[in-house]
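As structure tokens, the structure follows; a few thoughts come after it.
The values are calculated or read from the model by the stated rules, or taken from the named source; none is laboratory data. These figures come from a predicted structure and were not determined experimentally. Cβ placement follows ideal geometry from the backbone for every residue including glycine, while neighbour counts extend to all protein chains displayed.
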Amino acid sequence: MKCIMVTGGCGFIGSNFIRLMLDSYPELSIINLDKLTYAGNLENLADRKDDPRLSFRKGDICKRELIDDILQHADVDAVVNFAAESHVDRSILDSGPFVQTNIVGTQVLLDACRAAKIPRYLQVSTDEVYGSLGAEGFFTEDTPLAPNSPYSACKTSADLLVRAYVHTYGFPAITTRCSNNYGPYQFPEKLIPLFISNATNDQSLPVYGTGENVRDWIHVEDHCRGIDAALRKGEEGEIYNFGGNAEMTNIGLTKLLLELLGKPDTLIKYVKDRPGHDMRYAIDASKAKEKLGWTPTYSFREGLQETIDWYLSNSEWIERIKSGEYLSYYETQYGSRL
Ligand code: NAD
Ligand code: TDX
């Protein structure tokens, strides 16, 4: 592959993916298309702003003319779609932007890629499409789809569109579904960066409900390596699950974070539960291991300590993001490249 277009590359996982790909493939060039919503931040790629192999287009995946323009002017070998509204709590407050970007945006991208005969398309999806598990069992690629939140319903709709384009048009798409990511550059509305930031400032950590809900945590770098493997070795029309073999209750994780930060458990504040809160996610990633030769490399404790260290040494990043100041930072750093 010589050139790929990444959408949502200024977000958490997209920016980590771009960094990994630039480091792994010296011949590769990347076009990063991002709308720069509240969650998109060019500062996430500040260390790569002078790399001539990376170009940036500010724009919306729902805008067909824009996608056509990019695909007509570059010889794109693959499109990787990260762009999405990604926060479950926001989807409960207002599902409109989720329907627009996650469903309509995916449809527009699929049509544009089909028209441009793009040879490879990868849809970045989530384990939340499978709904919720009880105390036992794991999600496999054959688990029936049963999304419970507006966010996961929109991600599932996108997955079904991808499936239909493969079936109807022979469209060369692959879908990956991953569990909860953690690592550097995650927007501080998500549990881990929010709790690190709050604890550091001696503010309370709002644990939803009983805190007994379970998530299966994976380091973002392991997820990105999985996407790379699926892009290179995945079979058209197939779905691959990625997970980190690291199930934790939210309260267990909260206490571990406080321990690693040297802060007291008295910062924990149990708050009203998230409506429709999924109880447990856990991934069976044996297909990805067998077919893609992928395996997660991080132990959760080691990855979490590294992540804490990153947030502690990048506290200015998190404060700028929280205050929205990164917009002006972004203009001074990147204004001329828009
Ligand atoms: P994020 O919210 O950090 O980043 C999303 C990015 O998409 C932002 O840069 C934003 O500006 C951009 N974007 C949003 N709407 C857009 C639009 N209409 N056009 C162009 N760009 C747009 O999200 P993330 O956590 O990095 O997640 C990336 C993808 O991975 C999403 O599709 C998400 O569903 C999926 N995913 C996330 C996780 C997780 O734990 N974070 C797990 C599994 C799957
Ligand atoms: O303040 C909080 N208190 C709390 O108890 C927050 C923000 C979360 N939680 C709970 C809810 C979840 O059980 O922690 C768990 C993790 O919450 P989030 O970080 O919001 O992630 P989640 O809802 O599990 O979804 C994430 O993983 C799957 C991503 O945001 C999705 O984009 C991805 O698809």
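Quick look at the numbers
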{"item": "Residue in segment 272-286 that is within 16 Å of ligand 1 (Cβ to nearest atom) and out of contact with any strand residue (DSSP E or B) (no Cβ under 7 Å at 6 or more places or on another chain) present", "result": "yes"}
{"item": "Selection count, segment 1-30, where residues are more than 6 Å from ligand 1 (Cβ to nearest atom), out of contact with any Cys (no Cβ under 6 Å at 6 or more places or on another chain) and at pLDDT 95 or above", "result": "18"}
{"item": "Condition met for Ala116 (of a type in the set (A, V, I, L, M) and out of contact with any strand residue (DSSP E or B) (no Cβ under 7 Å at 6 or more places or on another chain))", "result": "yes"}
{"item": "Residue in segment 162-180 that is of a type in the set (S, T, N, Q), within 18 Å of Gly9 (Cα to Cα), assigned to a strand (DSSP E or B) and within 12 Å of ligand 2 (Cβ to nearest atom) present", "result": "yes"}
{"item": "Any chance Thr249 is in contact with a Leu (Cβ under 6 Å, 6 or more places away or on another chain) and hydroxyl-bearing (Ser, Thr, Tyr)", "result": "no"}
{"item": "Which listed residue is surrounded by fewer than 19 Cβ atoms within 10 Å (Cβ to Cβ) and farther than 21 Å from Asp228 by Cβ, from Leu71, Leu66", "result": "Leu66"}
{"item": "Cβ-Cβ under 7 Å pairs, at least 6 apart or on other chains, segment 42-61 side free of Cβ contacts under 8 Å to residues at least 24 places away in the same chain, far side of a type in the set (A, V, I, L, M, F, W, C)", "result": "none"}
{"item": "Selection from segment 186-244 of residues that are more than 14 Å from ligand 1 (Cβ to nearest atom), under 20 Å from the mean Cα position of the chain (by Cα) and closer than 30 Å to Lys291 by Cβ", "result": "Val214, Arg225, Asp228, Ala229, Leu231, Arg232, Gly234, Glu238"}
{"item": "Qualifying position, being among the aromatic types (Phe, Trp, Tyr), farther than 22 Å from Arg225 by Cβ and within 18 Å of the chain's Cα centre (by Cα), among Phe17, Phe98", "result": "Phe98"}
{"item": "Among (1) touching a residue at least 60 places away in the same chain (Cβ under 8 Å); (2) within 16 Å of ligand 2 (Cβ to nearest atom); (3) more than 24 Å from Ile4 (Cβ to Cβ) - the single one Asp202 does not satisfy", "result": "(2)"}
{"item": "Qualifying positions in segment 289-306 - within 16 Å of ligand 1 (Cβ to nearest atom) and part of a helix (DSSP H, G or I)", "result": "Phe300, Gly303, Leu304"}
{"item": "Listing of strands (runs of 3 or more DSSP E) fully contained in segment 48-151 that carry 1 or more residues being touching a Cys at 6+ places or on another chain (Cβ under 6 Å) and closer than 19 Å to Ala164 by Cα", "result": "78-81, 121-126"}
{"item": "Matching residues, segment 31-47, being near ligand 1 (Cβ under 6 Å from one of its atoms) and in a loop (DSSP other than H, G, I, E, B)", "result": "Lys35, Leu36, Thr37, Ala39, Gly40"}
{"item": "Lone unmet requirement of (1) surrounded by fewer than 17 Cβ atoms within 10 Å (Cβ to Cβ); (2) farther than 19 Å from Thr175 by Cβ for Lys35", "result": "(1)"}
{"item": "Contacts under 6 angstrom Cβ, first residue in segment 149-171 being within 18 Å of Ile61 (Cβ to Cβ) and in contact (Cβ under 8 Å) with a residue 60 or more places away in the chain, partner aromatic (Phe, Trp, Tyr) and away from ligand 1 (no atom under 16 Å from the Cβ), 6 or more apart", "result": "Phe171/Tyr165"}
{"item": "Checklist (1) within 14 Å of ligand 1 (Cβ to nearest atom); (2) among the hydroxyl-bearing types (Ser, Thr, Tyr); (3) farther than 16 Å from Gly9 by Cβ applied to Thr101, failing item", "result": "(3)"}
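Rundown of residues vs (1) of a type outside the set (A, V, I, L, M, F, W, C); (2) crowded, with 17+ Cβ neighbours inside 10 Å, yes/no style:
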| site | (1), (2) |
| --- | --- |
| Gly96 | yes, no |
| Cys113 | no, yes |
| Asp127 | yes, yes |
| Phe139 | no, yes |
| Pro147 | yes, yes |
| Ala158 | no, yes |
| Thr175 | yes, yes |
| Tyr182 | yes, yes |
